Amino acid sequence: MDTNQLLASFFFGLIGTGLFMYGKKAGRPITLFAGVALIVVPYVIPNLIAMTIICAALCALPWLLRAA
């Protein structure tokens, strides 16, 4: 694991923790799911580019589905 992947994992895990706490408190299941997924995905995907694309999509998911 290189430094870039470690920093990206930390960053997306931090965002996931915030989304998880907000989704649990507000009762929003999509935000809660996105938070859990952002916490888990960096452990599962070893490729930095793929992890960044998937995590960026998961970050945008609650706002895209809320607007629809």
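Every read-out reported here was derived from the displayed coordinates using simple, explicitly stated rules and does not represent laboratory data. Source: prediction; values computed, not measured. Here the Cβ positions follow ideal geometry from the backbone for every residue, glycine too, while neighbour counts run over all protein chains shown.
Tabulated data for the structure shown
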item	result
The stretch 21-36: number of residues that are assigned to a helix (DSSP H, G or I) and within 11 Å of P62 (Cβ to Cβ)	10
Search result, residues across the stretch 12-68 that are basic (K, R) and surrounded by fewer than 16 Cβ atoms within 10 Å (Cβ to Cβ)	K24, K25, R66
